[in-house]
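Computed from the coordinates by the stated procedures, all read-outs in this text should not be read as laboratory data. Fair warning: this is a prediction, and the values are worked out from it, not measured in the lab. Every residue, glycine as well, gets a Cβ built from its backbone with ideal geometry; the counts of neighbours run over all protein chains shown.
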């Protein structure tokens, strides 16, 4: 009996440590990554609703943490107006962010900011 309990405990521990799934967060239009308080180096899956292009966006390719995640994803060309999911990875802040206009979204330039994020298409 002890052996069965030990095996079950070991299997449960292995399952916990091998779990590599990221949290999926249902984002609101205009919601930024800073509000979520995600640590630098961590990633999450952001699910954006349709027609979610509002909110401030600062930067190009790397965005300030106070940028709208969904609008930045449209700006980056990873999402269209229909919405969808993107992988968001938190990064250290940059000394400067370049603005640009892409995919109908205008991002502004910004100076130094304490935290950033980058986006990837979620497969």
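Footprinting exposure proxy ranking of 52, 29, 70, fewest other C-beta atoms within 10 angstrom first, gives 29, 52, 70. Could you give the length gained on full extension between residue 35 and residue 82, defined as 0.36 nm per residue of separation minus the Cα-Cα distance, in nm? Length difference between fully extended and current span is 14.6 nm. Label-to-label distance for residue 61 and residue 112 is 2.3 nm, based on points extended 7 Å past Cα in the beta-carbon direction.
Scaling the Cα radius of gyration of the stretch 22-121 by the globular reference 2.2 N^0.38 Å produces a ratio of 0.93. Relative to the current alpha-carbon distance between residue 95 and residue 120, full extension at 0.36 nm per residue lengthens the span by 6.8 nm.
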